[in-house]
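Bear in mind that the values in this text are calculations on the coordinates, not laboratory data. Since this is a predicted model, take the numbers as computed values, not measurements. All Cβ positions, glycine included, derive from the backbone under ideal geometry; neighbour counts span all protein chains shown.
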There are 2 protein chains.
Amino acid sequence: MSEPFVIVGGDAAGMSAASKARRENPDLEIIAFEKGDWVSYGACGLPYYVKGEIEDLEDLVSVTATEFREERDIDLRTQHEVTGIDPQEQTVTVEGPDERFEQAYGTLLIATGASAIVPPFDGVNLDDVHTLHSLPAGAEIRSRIESTGPDSPETVGVVGGGYIGIEMAEALRGQGLSVHLFEMLPHVLAPFGETVAEAVEAELESQDVTLHLNTRVEGFEGDEAVQAVRTDDERVPVDLVVIGVGVQANADLAAEAGVELGESGAIATDEYGRTNLEHVYAAGDCAEMTNVVTGDPDHVPLALTANRAGRAIGQTVTGTPTPVGPIAGTAAVKAFDLEAARTGLIDEERAQDAGFNPISATITSASRAGYYPGGSPIEVNLVADRQSDAVLGASMVGEEGVAKRIDTIATALHAGLTVHEVEYLDLSYAPPFGPTWDPVLTAAKVLAGKLD
Amino acid sequence: MSEPFVIVGGDAAGMSAASKARRENPDLEIIAFEKGDWVSYGACGLPYYVKGEIEDLEDLVSVTATEFREERDIDLRTQHEVTGIDPQEQTVTVEGPDERFEQAYGTLLIATGASAIVPPFDGVNLDDVHTLHSLPAGAEIRSRIESTGPDSPETVGVVGGGYIGIEMAEALRGQGLSVHLFEMLPHVLAPFGETVAEAVEAELESQDVTLHLNTRVEGFEGDEAVQAVRTDDERVPVDLVVIGVGVQANADLAAEAGVELGESGAIATDEYGRTNLEHVYAAGDCAEMTNVVTGDPDHVPLALTANRAGRAIGQTVTGTPTPVGPIAGTAAVKAFDLEAARTGLIDEERAQDAGFNPISATITSASRAGYYPGGSPIEVNLVADRQSDAVLGASMVGEEGVAKRIDTIATALHAGLTVHEVEYLDLSYAPPFGPTWDPVLTAAKVLAGKLD
């Protein structure tokens, strides 16, 4: 009998791999260790849980631990932390609630995810300073803001203007709280580019979120609980803080075992999700993937990437070698009444670093035919390479029809289409859903004109 | 001085060509003949005008005749019908309101559009039997249904369950009328396939449209005005009829001059929109295009195709040869509270005729993450070729997020992607806009499983 397929981490990548491996091979022993209590949960839904739009934390769980055990025959052990990997012996050291033991593996998948970055701010350990790093953390924030009485928070400081920060600003305003959003950079949503950022900033302000751009948070003040955010030039009284400045790959366990990390600090993997160690794979938020535009390693920890890579590895380890596929860094975010989306390379400097000669066009079009009631503007920023005419990336913002419209460009990136090829795509048209020339086509037309 | 660029027909294809040619060459003489009064109008908006959502017929005009003349320096002559083409002499015969004359051309563009098909039904000439073939026709229908008094229509028979029929059913119900929809085939929206058709039929019935499927209309009864639709098995009393059974290319003028027509009856064109006659182009609803999936000529008269081909020809005739590009037959339609969309080859028989060995998968997914409120089902039917694994086409239906989601597959068709390649596209994800695995990806996963 062969050694089991052992998985470290019970969220998207790990459990996708476990499930796929089980479907492909009913006889394989599959053991998954999760250090916490929750498995296979949609962390992306946490802001909406905090907002109160999702009633129960359990609603965010797509498959329960019991279902994995009983329906999928996966030996899933929660409250079991893997603390060491011995690649020579092919074992992992596991600390369970009652015992510490060695577990042999035939194949190992490291799917340890990522953690919220907590900068070393003064006062970061004060009460009511939170990150949104887990389901219990989300539950704690919601229980605090829904609490009644004199201690119930009224003003919240959100540190970080990435998509977690934006989604939390919406959630907290939705709960009737005053919100201050602090962003160190000149704009929110840096990976979405300036066009999107400016539209989102205007939306945040119209929703009475107080924006502090270009503002470095230096610390938090208070006795037991936080009472103020101190920045480089002022002191903003708050009753609660949510930090969302990004995540970092949980790669220490891997690194200690001799697994190579990439430049991003996440685990370096090949096209099949293999690490440099034999029989050891990595997937999800802890791992690098290949960027489809640059061909280089990239670390964009997002849900689909984790699910997809886990599933591919589940297939590979059961005998059907399946590449995990490249990523385009495609992302969408709802910011109050706006949708924002991005894919590929849109930052000029980053494009140059990758060896491209970028050129871009920004257009304003609309979500419906001009004469059809209820339409709203859509702005599209499209970026291409001057030499090859290849599309490199795009970002978009508008009130409707944006989040999934980006997929046209994401598909074009995977296919390596040029701007001229995008210009001549036969996209759908009907008056309620767009102008005759879709905003994507208009952007391509304008950019093609600049390339000629 | 060279002979002018002469255009026959003043709607999308013709005026796109005129406008592009003017931008490319400020000195070229450009003459456009339009036999009616209206130019560059959005006929696709007519159902919404009839519904009353668009106030004025003028709102459907994107650029007025005066603007073409004064701002774009295009010699646009309305009420001028071209009645003959002499390709040897390079002249056209024109009948204006006051005179008949010959006009020499250097390049000729035939952009004569398409006409509503009117089957030879008994009583087709009765009053209150309409087609939606023009802006004035739309105005007449709206003025009839908004009329008050004893003659004001209460019940309308819509003949034809294509998208015009569906949109008109919505418009007429929106105006508070009873609607009977007659379709000869077993399903409405034949080009969208059965999955979509069944969902749309359920929606029509839930909106109190009386469906008569598998029902051949034999004629209309009445004295002066129509009083009933007579089908093969009953007599349905109505006060008004709208016929929308399809369109046919206006190709007689071209054919009489020796222009070759394709099998569809529309004008055969090459990749630059050229006909078999030297210096004679054709574009828009009167012309065939190349299908991107089959590589064969195809006639899918839609707005974007006309705009795009016209624009490319305007560029070609001013010195920059520009292919008109292939079409995928991408289309979207709003049917009350549903969105339906299609692209490529989805009909099994048609795929076989084109030399493919089709296989398909139909899945039900959702428009939002499972836990996010307000989501609704999206059904996707994805078709591929067993031999090559290439995606051949898709159709979708749902309450939201469908009309533009089809563009992912349309783009995949232009790029020739396989099902496996679509399965590994990095599409956007955020809980308000879809599940982690986009419905397109889920369809590809399931179809890939069938292909393995």
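General remarks:
- Exposure proxy for A:THR318, A:THR305: other Cβ atoms within 10 Å of each Cβ, ordered fewest to most, give A:THR318, A:THR305.
- Rounded to whole numbers, the Karplus 3J(HN,Hα) couplings from phi for region A:307-322 are 4, 5, 5, x, 4, 4, 5, x, 6, 4, 6, 9, x, 10, x, 9 Hz, using 6.51 cos²θ - 1.76 cosθ + 1.60 with θ = phi - 60°, and x at Gly and Pro.
- Mean projected area of the convex hull spanned by the Cα atoms of region A:55-108, taken over all viewing directions: 5.1 nm².
- Chain B, relative contact order in percent, only Cα pairs under 8 angstrom and at least six apart counted: 14 percent
- Contact order for region A:118-245, expressed relative to its length and based on alpha carbon pairs under 8 Å spaced 6+ residues apart, stands at 35 percent.
- Footprinting exposure proxy for B:VAL236, A:VAL226 (fewest neighbouring C-beta atoms within 10 Å first): B:VAL236, A:VAL226
- Cα-centre dipole for the protein assembly as shown with unit charges at Cβ (Lys and Arg positive, Asp and Glu negative), debye to 20: 920 debye
- By the helix-only formula, in which each DSSP H run with n ≥ 4 contributes -39500 (n - 2.57) and the sum is divided by residues, chain A has a 222 nm mean residue ellipticity of -7500 deg cm²/dmol.
- Set of aspartates and glutamates with alpha-carbon distance to A:LYS445 below 13 Å, sequence-local pairs under 8 removed: A:ASP389, A:GLU421, A:GLU423
- Amide H to amide H distances under 5 Å link B:TYR281 with B:LEU108, B:LEU109, B:ILE110, B:THR275, where only residues 5 or more positions off or on other chains count and H is placed in the peptide plane.
- Within region A:4-105, GluC sites (Glu not before Pro) in DSSP loop having at most 14 other beta-carbon neighbours inside 10 Å: A:GLU55, A:GLU71, A:GLU89, A:GLU99
- Entries of A:LYS35/B:LYS450; A:LYS51/A:LYS404; B:LYS20/B:LYS404; A:LYS51/B:LYS334 with Cα pairs more than 30 Å apart: A:LYS35/B:LYS450; A:LYS51/B:LYS334
- Alpha-carbon centroid distance for the pair region B:136-183 / region A:301-376, whole angstrom: 43 Å
- Relative contact order (%) - criterion: Cα under 8 Å, at least six apart; region: region B:411-452: 43 percent
- Sites matching chymotrypsin sites (Phe, Trp or Tyr not before Pro) across region A:10-52 that sit in DSSP coil, with at most 15 neighbouring C-beta atoms within 10 Å: none
- Exposure proxy ranking, count of Cβ atoms within 10 Å, fewest first, for A:ILE164, B:ILE359: B:ILE359, A:ILE164
- Each residue of region B:337-451 gets 85 Å³ once the volume of the Cα convex hull is shared out per residue.
- Shown for region A:118-245 is the translational diffusion coefficient from the Stokes-Einstein equation, using the Kirkwood radius over Cα pairs, a temperature of 25 °C and a viscosity of 0.890 mPa s: 169 µm²/s.
- Projecting the Cα atoms of A:LEU382, A:LEU392, A:VAL422 onto the dipole axis of region A:337-451, where Lys and Arg carry +1 and Asp and Glu carry -1 at the beta carbon, places A:VAL422 farthest toward the positive end.
- Applying both filters, DSSP loop and at most 15 other Cβ atoms within 10 Å, to the GluC sites (Glu not before Pro) of region B:264-327 gives B:GLU271, B:GLU278.
- Distances between placed amide hydrogens fall under 5 Å for A:VAL242 paired with A:HIS130, A:GLY157, A:VAL158, A:VAL159, all partners being 5 or more residues away or on another chain.
- Estimated vicinal HN-Hα couplings, Hz - region B:66-73 in sequence order (Karplus 6.51, -1.76, 1.60; Gly, Pro = x): 4, 5, 4, 6, 8, 8, 10, 6
- Between the amide H of A:ALA369 and those of A:PHE433, A:GLY434, distances stay under 5 Å, these residues lying 5 or more places away or on another chain, with hydrogens modeled in the peptide plane.
- Kirkwood hydrodynamic radius of chain B, Cα pairs, Å: 23.4 Å
- Cα convex hull of the protein assembly as shown, projected area averaged across orientations, nm²: 42.6 nm²
- Dividing the convex hull volume of the alpha-carbon atoms in region B:254-401 by its residue count gives 144 Å³ per residue.
- Two-decimal ratio, region A:319-392, of alpha-carbon radius of gyration to 2.2 N^0.38 Å: 1.48
- From phi via Karplus (6.51, -1.76, 1.60), per-residue ³J(HN,Hα) for region A:387-394 in Hz, x at Gly/Pro: 5, 9, 6, 5, 5, 9, x, 7
- Exercise: per-residue mean of other protein chain Cβ atoms within 10 Å, A:410-421: 5
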